[in-house]
Amino acid sequence: MRIAILGGTGNIGRGLALRWGLRHEILIGSRVGSKAERAAGECAETLSAVTSIACQIKGTTNTEAAAAAELVVIAVPYRAMRELVDAIRPVLDDQIVISLVVPMEKSDSYLKYTPPSDGSAAMELKRL
């Protein structure tokens, strides 16, 4: 399966790429394609150090990754979700979309869950 991980250069995206990279074709997406290419190269290097199984991890822009994927995973911070959805909407067709987005705010030394008026980031994403 061809899986796009949008915002895939962060810790969660890289973790998913490493776990799925041996069994699926992974497209790490970022607003900046070169950043995604770097992350993909690092993930591929990590996997090649621990296994002889070839992995298919590539980096590209979020929009290109979403257009080419069968499954789209949104792994961006909540504050970036709307901009990302606006960018990928024209290229989404019949892809399955999974959102990992959780609306959190940093408050002094802890994170606080701040649900949107729709009840969750996933429900807001559906409305967008």
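What the table below lists for this structure:
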| read-out | value |
| --- | --- |
| Pair A87, T46: separation of 7 Å Cα→Cβ label points (nm) | 2.2 nm |
| Cα-based helix-to-principal-axis angle, 78-88 vs the chain, degrees rounded to 10 | 70 degrees |
| Partners for K112 among lysines (Cα-Cα distance below 28 Å; same-chain residues under 8 apart left out) | K126 |
| Hits among aspartates and glutamates - C-alpha to C-alpha of K58 under 20 Å, sequence gap 8 or more where chains match | E25, E37, E42, E45, E70 |
| Taking all pairs of distinct alpha-carbon atoms in the chain, Kirkwood radius in angstrom | 14.9 Å |
| Contour excess over end-to-end distance, with Cα ends at T114 and Y78 and 0.36 nm allotted per residue | 11.9 nm |
| 0 to 90° range, to nearest 10: angle between helix 11-20 axis and the chain longest Cα axis | 40 degrees |
| Average Cα contact separation per residue, region 2-101, under 8 Å, 6 or more apart, as relative contact order % | 32 percent |
| Label-point gap, in nm, between R38 and L100 - each point 7 angstrom along Cα→Cβ | 1.9 nm |
| Residue-by-residue Karplus 3J(HN,Hα) for region 32-37, coefficients 6.51, -1.76, 1.60, Hz, glycine and proline x | 10, x, 5, 5, 5, 4 |
| Long-range amide H partners of T61 with built H, under 5 Å | S30 |
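Values quoted throughout were computed directly from the atomic coordinates according to the rules given, and no laboratory measurement underlies them. Note that the structure is a prediction, hence the values are computed from the model and not measured. Here Cβ is always computed from backbone atoms with ideal geometry, including for glycine, and neighbour counts include all displayed protein chains.
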